[in-house]
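Notes follow once the structure below has been shown.
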Amino acid sequence: MATVLITGANRGLGLEFAKQYAEDGWEVLGTARDRQNATELQDLSKKSKNVHVLELDLSKEDSIHKLAGELKGRAIDVLIQNSGIYPREGQKIGQIDYNGWGEAFETNVLGPMRVTEALLENVAASERKQIAFISSSMASLKAVQGGSVALAGTSYQYRSSKTALNMASLILAKELEPRGISVVIIDPGWVKTDMGGPRAQLTPEQSISGIRKVLAGDPKELAGKFVGHDGTPRPW
């Protein structure tokens, strides 16, 4: 049985990942910052014996090390770095919330990289050897240069953190390629979640089913690419 680990699996895209992989018979390791209050994920684990709820706070190194200790020696076929935050306050020049900006980098960039380092040998021990980082089209420098920045306001914190994540992921893809480990960056699209809001274009079911089809392809063909939920390339 293949194993997938999903960070931030307690709601939104992460929860939908957990539901769909569980339905297809995968061993699902879903993380949540507050394990006890991850109600929907806990309910899913009660219905599906192949779903396991793990506690993980990306902003705390000891939490990451604890998770790595619990999973020592366990192979992870697909590691999905889904956790992320979208700060909405202090987004205009003269009003910028620098603490919020730091939190965005801590959660959206440093946390995922720390988790990857901690669980790298788990991925290396698997058959599929695949790491997927959930990013955003808002991370695209070309999109901002083309004027689409106005579509979602300034969003300094979120955009810059996801752009940094893209760069870190691309470097990681090049470094891990000799080990046969594939790293891909995914734009899930504008999705109806707490983050995306009710006006978004896609449902979580549509976005995640598309992403899973992309990830089911040859990992080597996906390595180092930035693609959408439908598999089409995204501009850097």
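Please go through region 25-67 and give me each residue that is surrounded by 17 or more Cβ atoms within 10 Å (Cβ to Cβ), touching a strand residue (DSSP E or B) at 6+ places or on another chain (Cβ under 8 Å) and within 22 Å of Val109 (Cα to Cα), ordered by number.
Within region 25-67, Leu29, Gly30, Thr31, Ala32, Arg33, Leu54, Leu56, Ser63, Leu67 meet the criteria.
Out of the residues in region 161-182 that are small (Gly, Ala, Ser) and under 16 Å from Phe226 (Cα atoms), which is surrounded by the most Cβ atoms within 10 Å (Cβ to Cβ)?
For region 161-182, the residue satisfying everything is Ser161.
Can you tell me how many residues within region 68-120 are surrounded by 14 or more Cβ atoms within 10 Å (Cβ to Cβ) and either under 19 Å from Gln130 (Cβ atoms) or within 15 Å of the chain's Cα centre (by Cα) (or both)?
Number of matching residues: 31.
Mind counting the residues in region 47-93 that are part of a strand (DSSP E or B), of a type outside the set (A, V, I, L, M) and either under 22 Å from Val183 (Cβ atoms) or free of Cβ contacts under 8 Å to residues at least 24 places away in the same chain (or both)?
1
Scan region 166-176 and give yes if some residue there is in contact with a Lys or Arg (Cβ under 7 Å, 6 or more places away or on another chain) and touching a residue at least 24 places away in the same chain (Cβ under 8 Å), otherwise no.
Within region 166-176 (the criterion being in contact with a Lys or Arg (Cβ under 7 Å, 6 or more places away or on another chain) and touching a residue at least 24 places away in the same chain (Cβ under 8 Å)), the answer is no, since none of the residues qualifies.
Can you list residue pairs whose Cβ atoms sit under 8 Å apart, with the first residue in region 221-236 being under 19 Å from Glu205 (Cβ atoms) and touching a residue at least 60 places away in the same chain (Cβ under 8 Å) and the second being part of a strand (DSSP E or B) and not small (Gly, Ala, Ser)? Count only pairs 6 or more apart in sequence or on different chains.
These pairs meet every condition: Gly228/Ile186; Gly228/Asp187.
Mind checking which residues of region 224-233 are surrounded by fewer than 20 Cβ atoms within 10 Å (Cβ to Cβ), at negative phi and not β-branched (Val, Ile, Thr)?
Matches in region 224-233: Lys225, Gly228, Asp230, Pro233.
Return yes when Ser135 is touching a helix residue (DSSP H, G or I) at 6+ places or on another chain (Cβ under 9 Å), buried (at least 19 other Cβ atoms within 10 Å of the Cβ) and modelled with pLDDT under 90 and no when it is not.
no
Are there any pairs, at least 6 apart or on different chains, whose C-beta atoms fall under 9 Å, with the first in region 183-209 and free of Cβ contacts under 8 Å to residues at least 40 places away in the same chain and surrounded by fewer than 17 Cβ atoms within 10 Å (Cβ to Cβ) and the second polar (S, T, N, Q) and part of a loop (DSSP other than H, G, I, E, B), and if so, which?
Listed by first residue and then by second, the contacts come to Ala200/Thr193.
For the structure I just gave you, tell me whether Met167 is within 15 Å of the chain's Cα centre (by Cα), modelled with pLDDT of 95 or more and either of a type in the set (Asp, Glu) or over 17 Å from Ile6 (Cα atoms) (or both).
yes
Considering Ala18, Ala22, Ala2, which residue is surrounded by fewer than 19 Cβ atoms within 10 Å (Cβ to Cβ) and under 16 Å from Asp77 (Cα atoms)?
Ala2
The values are calculated or read from the model by the stated rules, or taken from the named source; none is laboratory data. Keep in mind that what you see is a predicted model, and the values were worked out from it rather than measured. Glycine gets a Cβ as well: all are built from the backbone with ideal geometry, and neighbour counts include every protein chain shown.
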